[in-house]
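In what follows, a single structure is set out as structure tokens and then discussed.
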Amino acid sequence: MSGSQGDFVWYELVTTDPQKAESFYGDVFGWNTRDAGNPDMRYTLLSSNGADVGGVMELPPEACDAGSKPGWIGYVGVDDVDAAAAKLVQDGGTIRRPPEDIPGVGRFAVAADPQGAVFCLFTGPSDSTSEARSMKTGHVGWNELHSNDWKSGFDFYEKQFGWRKSEAIDMGPMGTYQIFNAGQDDLGGMMDDKEFPHPAWLYYVSVADIDATLDRVTANGGKILYGPGEVPGGMWIINALDPQGAMFAAVGPRPNKED
């Protein structure tokens, strides 16, 4: 992980069946797995071509009893987790898990924006780097906020992380799709989506062939929610659920598509 200010630096799957989930994503995205070596809990690192892209941990039974569901969560790098958590609360967000240390890794807190979309704050060693968010195949290349009100959502995140508006895409009856960045490369987009069960972040893994990825999702027990759908730049997307019910997405070309 990295502490890159304002960028997504890590992705974590919290699920009811880590072993089955690891097998599923290994088949779908070609991810390799290895144990993180934490003596207190099982935590699996996911990697693509030798670079770590995320982790998997079990959703505790007490969390399930409280209504928590399997899902992916993104970590946003900040300079100081405690200061960022305090500012987030002042600006209308909530802290779901107070700041705490991950020995040998960094410091994090689980947070939610004013509309309830959950993410993590993270500070790591200043000299660490991460390829977790990258457009390379097998990495998460796009971060998408499905919101009740993306305009107020953007204002909130701008205050927290200094995000800036990039291109705004007119989606007709669906409204505006607002792309954002942290001053350099675009990080993702925001949109109003009343069909989502609740405001949430959705993370897109870059793939070499969206149709082949779709086939692997369904062959391994996943469910396609949307797609393939074409997006600007000649790319295609799918939204899906893994066998445990965690939502994820993929983006890539259709090299074998017939015109």
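Values for this structure:
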quantity: Strands (runs of 3 or more DSSP E) within region 1-113 that include 3 or more residues surrounded by 16 or more Cβ atoms within 10 Å (Cβ to Cβ); calculated: 8-15, 43-48, 51-58, 71-77, 106-112
quantity: The one condition in (1) at negative phi; (2) of a type outside the set (Lys, Arg); (3) out of contact with any helix residue (DSSP H, G or I) (no Cβ under 6 Å at 6 or more places or on another chain) that Gly67 fails to fulfil; calculated: (1)
quantity: Contacts under 7 angstrom Cβ, first residue in region 168-183 being loosely packed, with under 13 Cβ neighbours inside 10 Å, partner among the charged types (D, E, K, R), 6 or more apart; calculated: Gly183/Arg164
quantity: Yes/no for Pro243 being closer than 18 Å to Asp27 by Cβ and either in a strand (DSSP E or B) or under 20 Å from the mean Cα position of the chain (by Cα) (or both); calculated: yes
quantity: Some residue of region 22-29 being touching a helix residue (DSSP H, G or I) at 6+ places or on another chain (Cβ under 7 Å), within 18 Å of Ala246 (Cβ to Cβ) and in contact (Cβ under 8 Å) with a residue 24 or more places away in the chain; calculated: yes
quantity: Matching entry among Ala208, Ala168, Ala212 (being in a strand (DSSP E or B), out of contact with any Asp or Glu (no Cβ under 7 Å at 6 or more places or on another chain) and on the phi < 0 side of the Ramachandran plot); calculated: Ala168
quantity: Cβ-Cβ under 9 Å pairs, at least 6 apart or on other chains, region 187-200 side surrounded by 16 or more Cβ atoms within 10 Å (Cβ to Cβ), far side at pLDDT below 85; calculated: Leu187/Arg133
quantity: Boolean, Gly175 is over 15 Å from the mean Cα position of the chain (by Cα), modelled with pLDDT under 95 and under 17 Å from Gly188 (Cα atoms); calculated: yes
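The values are calculated or read from the model by the stated rules, or taken from the named source; none is laboratory data. Just so it is clear, the model here is predicted, and its values are computed rather than measured. Virtual Cβ from ideal backbone geometry, glycine too; neighbours counted across all protein chains shown.
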